[in-house]
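The values are calculated or read from the model by the stated rules, or taken from the named source; none is laboratory data. What you see is a predicted model, and the numbers here were worked out from it, not measured in a lab. Every residue, glycine as well, gets a Cβ built from its backbone with ideal geometry; the counts of neighbours run over all protein chains shown. These accessible areas exclude ligands, DNA and RNA; they are computed on the full protein's heavy atoms, side chains included. Shrake-Rupley method; radii C 1.70, N 1.55, O 1.52, S 1.80 Å.
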Amino acid sequence: MLAVQVDGSDVTTIEGLAEGEELHPMQEAFRQNHGLQCGFCTPGMVMSAIDLVKDNPSISETEIREGLEGNICRCTGYHNIVKSVQAGAKAMGG
Ligand code: FES
């Protein structure tokens, strides 16, 4: 997406999720469930996961896998990422 396409919009990045020292519930879920290794893909995974869960708090494993399919992880094999999103969804009230 080009920056001009979000002109006038609010943009939240991974740096804007935590409240001081307290991680966002989805970030904490990734930490607790070993949802990352090198961390290269993690900001995109976390931001996508929050958006998926926001629209569908009781999201299924299949919906998580389909929703994250544009995010490539070269390290984890996705099992713990999916587990993290499920835990994050629950922590966010799903
Ligand atoms: Fe390394 Fe996903 S944790 S690319």
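Tabulated data
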| item | result |
| --- | --- |
| Pair list, Cβ < 9 Å and 6+ apart or interchain, from segment 71-92 residues that are at positive phi to residues that are in a loop (DSSP other than H, G, I, E, B) and of a type in the set (A, V, I, L, M, F, W, C) | 78/68 |
| Unique residue being out of contact with any Pro (no Cβ under 9 Å at 6 or more places or on another chain), open to solvent by 80 Å² or more (accessible area, probe 1.4 Å) and of a type in the set (A, V, I, L, M, F, W, C) when the list is 1, 45, 26 | 1 |
| Residue 50 being open to solvent by less than 60 Å² (accessible area, probe 1.4 Å), away from the ligand (no atom under 12 Å from the Cβ), modelled with pLDDT of 95 or more and under 19 Å from residue 16 (Cβ atoms) | yes |
| Residue satisfying all of: in segment 61-94; among the acidic types (Asp, Glu) and not in a loop (DSSP other than H, G, I, E, B); farthest from the ligand (Cβ to nearest atom) among these | 63 |
| Any chance residue 8 is on the phi > 0 side of the Ramachandran plot and out of contact with any Lys or Arg (no Cβ under 7 Å at 6 or more places or on another chain) | yes |
| Candidate set from segment 75-94 (those that are farther than 13 Å from residue 59 by Cβ and of a type in the set (S, T, N, Q)); member that is most open to solvent (accessible area, probe 1.4 Å) | 80 |
